[in-house]
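The values are calculated or read from the model by the stated rules, or taken from the named source; none is laboratory data. Quick caveat: nothing in here was measured; it's all calculated off a predicted structure. The area values use the complete protein model at the heavy-atom level, side chains included, leaving out ligands, DNA and RNA. Shrake-Rupley method; radii C 1.70, N 1.55, O 1.52, S 1.80 Å.
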Amino acid sequence: MGDAESAIDRRDPEWITNLETTVNDNFKIVTDLSGDIIFFEVPFLDIPFVVLWLVVAAIVITFYLGFIQVRGLPTAFNVIRGKYSSKDDPGEIPHYQALTSALSGTVGLGNIAGVGAAVTMGGPGATFWMILAGLFGMATKFAECTLGVKYREIRPDGTVSGGPFKYLPVAFTRFPRPISVFLTGLFAVAILFFGVGGGNMFQSNQTYSQVVTVLDPDGTGFLSSTTGGLVTGLVIATLVGLVIIGGMRSIGRTTATLVPLMGGIYVLACLVVILTNMPQIPSAIAGIFTGAFTPEGVVGGFFGVIVVGMTRAAFSNEAGLGSAPIAHSTVKTRRPVSEGFVAIFEPFIDTVLICTMTALTISIASTDFYNEQRQLYFDSDGDHGLSGVQITSDAFGAQISWFPPVLALAVALFAISTLITWSYYGQRAWNYLFGDTRRSTLIYRVVFLLFTVLGCILTFTSVLDFADNFLFVCAFVNLLGVYLLLPTIKREMKQYLADRKAGILDQLGVEDAQKETRLEEIADPTQLVDSTGRNAADLGASPEELREGVEAPPTTGLPQDDPHDDGFGLGTATRPYPPPPGVQRRLRARRPGQEPGRDADTPGPGDDRS
């Protein structure tokens, strides 16, 4: 007992304990109040309204777009392998890296601990509703990620800025400007708060916990001390800093390696458990279907198992929250809807594949600990606390005795990958709120890495719970914007599929110098750039102009092989293409000596244009 107390004292000095207690106690009221508001339950259904909002949106979008997540799969496979894109396309990373970057933000502890808790609370039947919600969520990802690319800004240095921070102002042009600014700002604050808290501190804390579990299981060594936590935090922050300092291109390259590695290790382990218990597979699958409609030993019965399954899916794949479009918006493409097709793989991999594999592993292993926890939860009418990680780890350990340390490694990799991607999500929110400059971004990265280190020393449970709650505020704001822009998404989708059928999209996969069709005829106008590398959004087009539709930047329409073109503009006219109207007004206002009310291109007294 003395050794245990000594270890605890070494890990949690009095000043840390006092600080955490003070912060948690003072923040608990805010956390509880926000949870009651954000997750208030719909009467007679006992389901949080935010979950119902996400599920209903997924169903509405699915039917509105004609089950695009099913009929669009062949197109999606062609897009992700680069058939309809080239290295000349604007953007920062290819389709595959955009997908892995977004996946690294969703595939994490929720796929292990969350599913373990879900199948304990709702039984095997929760898996069925989890899969169903994941399949519908694919349509939501398609819609929001299409918008994330369409209204992005493309800059001269090749970087882009997209996601909800760009398409929400366009969607909310029907509202008074103060409401539009407030809603978009609220979304940015929620993303930033979760990015620093749940997407950073919690993930570094989980990584540190797994390191201690593997290297110092008895909790008496150096790693379990406060100094050990500080050193671990500095190591994690250094590794993450080396990745995020390179921006989205570096993040894309890292996740392209990390996500398949950690996902492959985890899925392989699940397959080992499942395949070594072949005789139990039919009964396990049957249990999923029977438990979905006639559950036994589940709090809330039929509706209880539906709520558990759909809630787990919503929390896991984040479809509709608006986080994934931030990563997907950096893709190299000239047709925004192409990334919508890529995004449908995200809920499929996260929920339908990985979450289902976890649920099957737990159900097939059916350990004594799992069954005991199910019974305790049912007998307590839902008041019994659960450890999802322990339930999942026990299922693996019962079949693969050496696997718990491997699971700990997988959890650590999941946490680090989530941390890396959420650093970028938080950065885009920070840039929206405090300015998109090098100095502003540097300040954010320093603050972010500081909290990475603190996450290995402090927990701030109430603060992180509040960050989790606040994240789901994004669902209300983001899906409202998606609803308002659904006609635009559908129009883009239908045109893209028609162009694919006609063979027009094949030209997008050819390098610009070898294209036989002019870019203006096959690319979305919002993705065309002028001679400086800027698109209409970056040139100053207003949200209203973007919503109504913009023309291609004039220099992209330069006549090819024009014998009269002298390199300065319209051929024999020797006059440059005019900038967009909004830019013209600002230029006239800044030009010294300009007569008010007279257009700069209209000759005045003394002007010689001959």
Counting only protein heavy atoms, what percent of the accessible surface of region 167-241 is carbon or sulfur at a 1.4 Å probe?
74
Quick one: which of LYS141/LYS166; LYS150/LYS490; LYS83/LYS490; LYS83/LYS501; LYS83/LYS332; LYS332/LYS515 span more than 20 angstrom between C-alpha atoms?
LYS83/LYS490
Spread of Cα-to-Cα distances over 10 Å intervals beginning at zero, given as percent, for region 47-505
4, 21, 31, 27, 13, 3, 0
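I'd like to check one number: the per residue accessible area of region 456-555, probe 1.4 Å, reported in Å² as a whole number. Could the numbers behind the result be given before it?
On the way: 4370 Å² over 100 residues.
It amounts to 44 Å² per residue over region 456-555.
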Report ³J(HN,Hα) in whole Hz for each residue of region 74-82, in order, from the Karplus equation J = 6.51 cos²θ - 1.76 cosθ + 1.60 where θ = phi - 60°; Gly and Pro get x.
x, 5, 4, 5, 5, 5, 5, 8, x
Mean accessible surface per residue for region 234-320, computed with a 1.4 Å probe while every protein chain stays in place, in Å²
44
Mind listing P(r) for region 339-442? All alpha-carbon pairs, 5 Å bins, whole percents.
2, 10, 12, 15, 15, 12, 11, 9, 7, 4, 2, 0
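Tell me, rounded to the nearest percent, the portion of alpha carbon pairs in region 439-507 spaced more than 19 Å apart.
67
So for region 47-505, averaging the separation of alpha carbon pairs under 8 Å that are six or more residues apart and normalising by length, what relative contact order in percent results? Each step should come with its number before you reach the end.
Values: 771 pairs, mean separation 171.6, N = 459.
After rounding, I find 37 percent.
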Accessible surface of region 24-117, 1.4 Å probe, proportion on carbon and sulfur as whole %:
69
